[in-house]
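Following: one structure in structure tokens, then a few remarks.
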Amino acid sequence: MAPNQPQPPKQPIPGVRNLIAVGSGKGGVGKTTVAVNLAVALARLGQSTGLMDADVYGPNVPLMMGINRAPVARGERIEPLEQHGVKLMSMGFLNPGDRPLVWRGPMLHSVIQQFLRGVEWGELDYLVIDLPPGTGDVQLTLIQTAPITGAIVVTTPSDVSLED
């Protein structure tokens, strides 16, 4: 897209009122822990909540939520799994951990769009999105196509973190 051209409008996710992205500049700082705990806390407060694991390179949400079965496809839509009152979708449900994924650009964009718009989230007050660490294709896809309500950036106060 040319620098002076207006951005196309971001399309809302049907039934989802608020999208909260949880990211970090590097891995290993507790980003997924924050995303999981935020989603469960919102659900316990009576908010209808979903958690989308967009960290396609290291999907840890299934492990942290204690769930290891695959979601069910119903026609063109995917039914999210549910645990602790939170609807869940993760690449970890679809790809066993022994198969590495090397995805970039359009392929990654397609997976993120499928998780956002092809999953039967239903009516949600919050959809928490656990991003991969750093800045890359997943983050760009979300910022350009989804109406993010808020974001949390998880950091660690370490001298080593400043070097990365």
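Suppose every Lys and Arg Cβ carries +1 and every Asp and Glu Cβ carries -1, with no other charges. What dipole size does the chain come out with about its Cα centre, to the nearest 20 debye?
The dipole of the chain has a size of about 300 debye.
Quick one: net charge around Thr145, please, counting Lys, Arg +1 and Asp, Glu -1 for every other residue with C-beta under 10 Å from its C-beta. Kindly include the intermediate steps, with their values, before the conclusion.
Values: positive: Lys10, Arg117; negative: none.
For residues surrounding Thr145, the net value is +2.
Please list, ordered by chain and number, the residues whose modelled amide H lies under 5 Å from the amide H of Ile129; skip anything fewer than 5 residues away on the same chain.
Counting only residues 5 or more places away or on other chains, the set is Ile20, Ala21, Val22, Met52.
If you take Cα extents along the principal axes in Å from the coordinates, which of [x] 59, 35, 25; [y] 105, 32, 31; [z] 42, 40, 36 do you get?
It is the value labelled [z].
Say R0 is 30 Å: what FRET efficiency, to the nearest 0.05, do Ser110 and Gln47 get from their beta-carbon distance?
0.55
Suppose a student asked you for the relative contact order of the chain, using Cα pairs under 8 Å spaced at least 6 residues apart; what percent would you report?
43 percent.
How many angstrom separate the Cα center of region 22-101 from the Cα center of region 128-159?
Using only Cα atoms, the two centres lie 15 Å from each other.
What does the helix-only formula give at 222 nm for the chain: each DSSP H stretch with n ≥ 4 adding -39500 (n - 2.57), the total divided by the residues, and the result rounded to the nearest 500 deg cm²/dmol?
Rounded to the nearest 500, the figure is -8500 deg cm²/dmol.
May I ask for the net charge around Ile20, where only other residues with Cβ less than 12 Å from the Cβ of Ile20 are counted and Lys, Arg are +1 while Asp, Glu are -1?
-1
Each value in this text was obtained by applying a stated rule to the coordinates, not by laboratory testing. Please read all numbers here as calculations on a predicted model, not as lab measurements. Methodologically, a virtual Cβ is constructed for each residue, glycine included, from the backbone with ideal geometry; neighbour enumeration extends over all protein chains shown.
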